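The values are calculated or read from the model by the stated rules, or taken from the named source; none is laboratory data. None of these values were measured; they are calculated from a predicted model. Positions of Cβ are generated from backbone atoms using ideal geometry, with glycine treated the same way; all protein chains shown enter the neighbour counts. The accessibility values were calculated without ligands, DNA or RNA, using every heavy atom of the protein model including side chains. Shrake-Rupley method; radii C 1.70, N 1.55, O 1.52, S 1.80 Å.
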Amino acid sequence: PRDKSVKDTIFAVISEFFRVNNATMLYICESGDGGQAMRSRLFSHWFADFADKNKYAFLQSSIVDKEGTENYFAIITRNDNPNFDDVMDECKSAIRFFRDKPRE
């Protein structure tokens, strides 16, 4: 649910992660209960309000697995990441690969 303390905790973790790392964070919305689309929308809404959002790039997508479940994920990286272009290119390439893979 839209619990402000959950939002604040998540962004405290993200802020701390990027305070000590100039890396890329991947998050995947848990899908066991079918609520992954709602989680993805909620996180996107929260991220749009994130105070330091101009410091970060946020690339969100979803991929349908062979069971037909849509899996939502995103990457977050700092705009000053020295590997920024490579990270974005690799993520976009992986998304294309998994979307275009032949179905069994």
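How high is the relative contact order of the chain, in percent, with contacts defined as C-alpha pairs under 8 Å that are six or more residues apart? Provide the component values of the computation, followed by the final result.
Values: 89 pairs, mean separation 30.0, N = 104.
Relative contact order of the chain: 29 percent.
With a cap of 15 neighbouring Cβ atoms within 10 Å, and only residues DSSP puts in a loop, list the trypsin sites (Lys or Arg not before Pro) found in the stretch 57-104. Walk me through the intermediate numbers first.
Values: sites: 66, 78, 92, 96, 99, 103; in loops: 66, 103.
When the trypsin sites (Lys or Arg not before Pro) of the stretch 57-104 are filtered for loop state and at most 15 Cβ neighbours within 10 Å, 66, 103 remain.
Rolling a 1.4 Å probe across the protein heavy atoms gives the chain an accessible surface of 67 Å² per residue. Of all the options 74, 23, 12, the one that moves most in a Gaussian network model of the chain with Cα springs shorter than 10 angstrom is 12.
If you roll a 1.4 Å probe over the chain with all protein chains in place, what percent of the accessible area is carbon or sulfur?
Using a 1.4 Å probe with all protein chains present, the chain comes out at 54 percent carbon and sulfur.
Given their separation in residues at 0.36 nm each and the Cα-Cα distance between them, residue 20 and residue 85 gain 21.3 nm when the chain is fully extended.
Using a Gaussian network model of the chain in which every pair of alpha carbons under 10 angstrom is joined by a spring, one finds that among 81, 22, 54 the greatest mean-square fluctuation is at 54. Largest GNM mean-square fluctuation among 14, 28, 76, using the chain with Cα springs under 10 Å: 14.
If you work out P(r) over Cα pairs in 10 Å bins from 0, in percent from the coordinates, which of (1) 15, 47, 33, 6; (2) 13, 42, 33, 11, 1; (3) 14, 43, 25, 13, 5, 1 do you get? Here P(r) over Cα pairs in 10 Å bins from 0, in percent agrees with entry (2).
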